[in-house]
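S.K.: What follows is a single structure, and I will ask about it in a moment.
The values are calculated or read from the model by the stated rules, or taken from the named source; none is laboratory data. If you're wondering where the values come from, they're calculated on a predicted model, not measured in any experiment. Counting neighbours? That spans all protein chains shown, and the Cβs are built from the backbone with ideal geometry, glycine included. Protein only, heavy atoms only, side chains kept; ligands, DNA and RNA dropped before computing areas. Shrake-Rupley method; radii C 1.70, N 1.55, O 1.52, S 1.80 Å.
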Amino acid sequence: MKAVVMTTQGGPEVMEFAELPEPEPAPGEVLVKVAAAGVNFMDTGVRRGLAWTDVPNPKVLGVEGAGRVISVGEGVDRLAPGDRVAWVYAPGSYAERAILPAEALVPIPDAIDDRTAAAVMMQGLTASHFATDFYPVQPGDIALVHAAAGGLGLLLTQIIKLRGGHVIGRVSSADKVAIAKEASADHVIVDTKGQFGQEVLRLSGGDGVHVVYDGSGPKTFQGSLDSLRRSGTFCWYGPVLGGPGPLDIMSLPKSIKIGYAVFFDHVHTPALLHARSGQLFDWITSEKLKVRIGGIYPLAEAAQAHADMESRATTGKLLLIP
């Protein structure tokens, strides 16, 4: 079978479209024909040597996708050949076929196509965690969402709005404003230098926002602090772009609460994975949540997908199609 592997750490050029042996499922595993694989920023971090360092090269990239069951290993009784399934954080998704743990798979409703299912798993579950667990948005709350035209930002904006909140989105270029507003952002700020704090304060009536969702790296950290109201919540995520450095907790202003949000805490059991993904699928089928697929690439062009994502020129979710 064909798969995208990294041969060493580095830029997109270290990715190869290679021929690998046909896999066979072990007990508790499932062999899936991949219909679509999601591209995530964490994949670029793996490629650059920031994660999975204990897994020897060459290794297959990708953790998210959707497809159809080909065969199941011993002990797997809730899935059968032909079932349509989606998954998240199951390594090896940049491939024509993937071996996945049975407990990592969720059924795809008939009303949802494979590409939409693949596009919503990682970013949808992350957005759900941010707005319902990490900081449960209440009606009337004001949130600042960074990278509001990206795949995660678009889903997060919509979930905040579903919960009755208001959204100030930040984007990196003027051509992304309409996309963020299409997801129902109330206001959109164009900023590339991290100098958005004063505008956020103005748009929030001078008080600041209740919560900031910031995965844009160190450059935006101070502006996000400045944007919060008293006792506001700072949701930090996105380790690929780096952290803000050591923090003196006594220097944090306005009694804010700050934390690092990880979506695994939202789906730390198979039951929660099914429940949370089921909620996302329900929102999609009822047209309360729209998934924007911003780029579709042949599997062989995974390196180009990585380059485009890292250029910050893309919007929505990027997918690879075997």
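S.K.: So if I place +1 on the C-beta of Lys and Arg and -1 on the C-beta of Asp and Glu, and nothing else carries charge, what would the dipole magnitude of segment 143-256 be about its Cα centre? I want it in debye, nearest 20.
M.R.: 140
S.K.: What part of the accessible area of segment 120-199, given as a whole %, is carbon or sulfur when the probe is 1.4 angstrom?
M.R.: 51
S.K.: Return the long-range amide H neighbours of residue 292 (sequence gap of 5 or more, or a different chain), with a cut-off of under 5 Å between placed amide H atoms.
M.R.: 317
S.K.: Give me the percent of DSSP beta bridges within the chain that run antiparallel, rounded to the nearest 5.
M.R.: Once the DSSP bridges in the chain are tallied, antiparallel ones form about 55 percent.
S.K.: Give me a comma-separated list of calculated 3J(HN,Hα) values for segment 304-315, in order, Karplus coefficients 6.51, -1.76, 1.60 applied at θ = phi - 60°, integers in Hz, x for any Gly or Pro.
M.R.: 5, 4, 5, 4, 5, 4, 6, 6, 6, 8, 8, 10
S.K.: Further, regarding this structure: In terms of solvent-accessible area of protein heavy atoms at a 1.4 angstrom probe, what is the ranking of 283, 87, highest value first?
M.R.: Numbers: 283 45, 87 0 Å².
Final ranking, largest accessible area leading: 283, 87.
S.K.: Treating only the Cβ of Lys, Arg, Asp and Glu as charged (+1, +1, -1, -1), what charge dipole size does the chain show about its Cα centre? Round to the nearest 20 debye.
M.R.: Roughly 1000 debye for the chain.
S.K.: Another question, if that's okay. According to a simple spin-label model (label point 7 Å from Cα along Cα-to-Cβ), what is the distance in nm between residue 311 and residue 254?
M.R.: Placing both labels 7 Å along Cα→Cβ, they lie 3.7 nm apart.
S.K.: Using +1 at the Cβ of each Lys and Arg and -1 at the Cβ of each Asp and Glu in segment 30-75, identify which of 30, 60, 72 lies farthest towards the dipole's positive end.
M.R.: 60
S.K.: Work out, step by step, the length gained on full extension between residue 20 and residue 300: first 0.36 nm times the residue separation, then minus their alpha carbon distance; give nm to one decimal.
M.R.: 99.4 nm
S.K.: Going through the cross-link list 2/317; 33/317; 254/288; 254/290, which pairs have a Cα-Cα distance over 32 Å in this structure?
M.R.: 254/288; 254/290
S.K.: Which Cα, out of 233, 246, 266, lies furthest along the positive dipole direction of segment 173-316 (beta carbon charges, K/R +1, D/E -1)?
M.R.: Among 233, 246, 266, the one farthest towards the positive end of the dipole of segment 173-316 is 233.
S.K.: Still on this model: How big is the dipole moment of segment 56-149 about its Cα centre under a simple scheme where the beta carbon of each Lys and Arg is +1, that of each Asp and Glu is -1, and everything else is neutral? Debye, nearest 20, please.
M.R.: Result for segment 56-149 is approximately 240 debye, rounded to the nearest 20.
S.K.: Sticking with this structure for a sec: Extension gain residue 274-residue 184, at 0.36 nm per residue separation less the Cα-Cα distance, in nm? Could you put the intermediate results ahead of the total?
M.R.: Working: separation 90, 0.36 × 90 = 32.40 nm, distance 2.72 nm.
Taking residue 274 through residue 184 to full extension adds about 29.7 nm, to one decimal.
S.K.: Between the alpha-carbon centers of segment 111-139 and segment 238-253, tell me the distance in whole angstrom.
M.R.: If we compute the Cα centre of each part, the gap is 25 Å.
S.K.: Right, next: Hey, what did the chain get for relative contact order, percent, Cα under 8 Å, at least 6 apart? Working shown, then result.
M.R.: On the way: 736 pairs, mean separation 57.1, N = 322.
18 percent.
S.K.: Follow-up question, since we're still on this one. Compute the accessible area per residue over the chain, keeping the other protein chains in place, probe 1.4 Å, unit Å².
M.R.: 43
S.K.: How big is the gap, in Å, between the Cα center of segment 6-37 and the Cα center of segment 297-321?
M.R.: 17
S.K.: Once Lys and Arg get +1 and Asp and Glu get -1 on their Cβ, which of 150, 178, 107 lies farthest toward the positive end of the dipole of the chain?
M.R.: Going by the Cα projections, it comes out as 178.
S.K.: Please list, in order, the residues from segment 146-166 whose amide nitrogen is less than 18 Å from a point placed 7 Å along the Cα→Cβ vector of residue 286.
M.R.: 155-165
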